[in-house]
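What follows is a single structure, written as structure tokens, with notes after it.
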Amino acid sequence: MTGLGVFEYVKLAIFYASWLYVPVAPVCVWLIVKRKGAFRAGAALFLFCISCLAYARFVEPRILLTAEHEIALETCGASSGAVRVVVFSDTHNGLFGNAMPIDRIARRVDAANADFVLIAGDFIYFLDPEKYPETFAALETIRAPVFAVLGNHDLGLPGPDFRTALNEALPRAGVRLIDNQALRLSNSKFTLELVALSDQWDHRQKLSLLTAPQSAPRVVLTHNPATIKDLRTDMTADLLVGGHTHGGQIQLPFLTCAVTGVCGDAAYGLRAVGDVQIFTTSGTGMVGLPMRFRVPPRMDILKIHYPSCIETGNSF
């Protein structure tokens, strides 16, 4: 691994120290069986607490869920359209060995029969560039076109800046990186504008792409959904897709919301800010602590549809 600091070694210590659960849990069970009163109650409480931590460390990070979402866009097209889009993000391969493997994600994505795939950044977490080919090779097995942007950890915010290495490695795995680009995607079922913005923290977002006249419903891909706060009144978007939040990663009632300030459907799911719908995916990997609790790794299927301008009586 590359660029590790003191805090990263502390995180690794927590990662490996979690294996102490294996010898400690049987001791707790023995105390519960053999002792009585407050000693038994204390051992039971301690076992419950460390078992929750063990679940968050060993079990939940390996649960990969799929969720489907219906999204109706108000902007019309030349004809009505429907598109099936798979979204995932924040794989964070590198520091923690219990991060969801890319090959499992790729198999699940390919089985979803998407029209195209969007990856909302943060591919790595202190991953040595020499390991990029083997880590991301499975993405090449996805049959649908794959479009992606980089996230703050990919750009060294924090950690080493590996954007150059990722811009070389990911296209070899069939991923088209489109930061600060606008594309027109079309087939017999749909026509969409896809606008991809670079990460908000890097302060290089080409927001002017959103001032161009629309000729079809517009989907915006970026890493951090907080980008919505930077949009001006002269910018247009129908749906903004992002990640970054991890859904809270360790979701404790009231506490996670109070500490992170990212709550409810702003942490994961679909919401609206003004005329823009925002979908935030909760990611598959981890940063900070090698745990997920009540937020399993997830890939999302967005079933997007929009009306015909002829049907609505509107026009571009």
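The values are calculated or read from the model by the stated rules, or taken from the named source; none is laboratory data. For clarity, every value in this text was computed on a predicted model and none was experimentally measured. Please note: Cβ atoms are built from the backbone with ideal geometry, for glycine as well, and neighbour counts cover all protein chains shown. Remember, those area values only see protein heavy atoms, side chains included, never the ligands or the DNA or RNA. Shrake-Rupley method; radii C 1.70, N 1.55, O 1.52, S 1.80 Å.
Compare SER188, SER89, SER198 in a GNM of the chain, Cα atoms joined below 10 Å, and give the one with the largest fluctuation.
Among SER188, SER89, SER198, the largest GNM mean-square fluctuation belongs to SER188.
At 222 nm, what value in deg cm²/dmol follows for the chain if DSSP H runs of at least 4 each add -39500 (n - 2.57) and the sum is divided by all its residues, to the nearest 500?
Here the helix-only value at 222 nm equals -7500 deg cm²/dmol.
Could you work out how much longer the chain between THR141 and SER208 gets when fully extended? Use 0.36 nm per residue separation minus the Cα distance between them, nm to one decimal.
Answer, rounded to one decimal: 20.7 nm.
Can you classify segment 25-126 as rounded, prolate or oblate using the Cα gyration tensor, where a ≥ b ≥ c are the square roots of its eigenvalues, rounded means a/c under 1.5, and otherwise it's prolate if a/b beats b/c and oblate if not?
prolate
For segment 185-243, take the alpha-carbon Rg, divide it by the Kirkwood Rh, and send me Rg/Rh.
Radius of gyration over Kirkwood radius for segment 185-243 works out to 0.97.
Got a number for carbon plus sulfur as a percent of the chain's accessible area, 1.4 Å probe?
Taking all protein chains in place, the chain shows 60 percent carbon and sulfur surface.
Starting from the Kirkwood radius over alpha-carbon pairs of the chain, derive D by Stokes-Einstein at 4 °C in a medium of 1.567 mPa s and give it in µm² s⁻¹.
62
Nearest-5 percent of antiparallel DSSP beta bridges in the chain?
So the antiparallel bridges in the chain amount to around 35 percent.
In whole Å, how far is the Cα centre of segment 38-84 from that of segment 160-222?
27
Using only the Cα atoms of segment 182-316, what do you get for the radius of gyration and for Dmax, in Å?
According to the Cα coordinates of segment 182-316, Rg and Dmax are 16.6, 53 Å.
How much accessible surface does PHE116 have with a 1.4 Å probe, in Å² rounded to 10?
About 10 Å², ignoring ligands and nucleic acids.
Output the lone cysteines of the chain: those with no second cysteine's C-beta under 4.7 Å from their C-beta.
Unpaired cysteines in the chain: CYS28, CYS49, CYS52.
Averaged per residue, what accessible area in Å² does the chain show with a 1.4 Å probe, protein chains only?
46
Tell me the trypsin sites (Lys or Arg not before Pro) within segment 214-316 that lie in a loop according to DSSP and have at most 10 other beta-carbon atoms within 10 Å.
Answer by residue number: ARG232.
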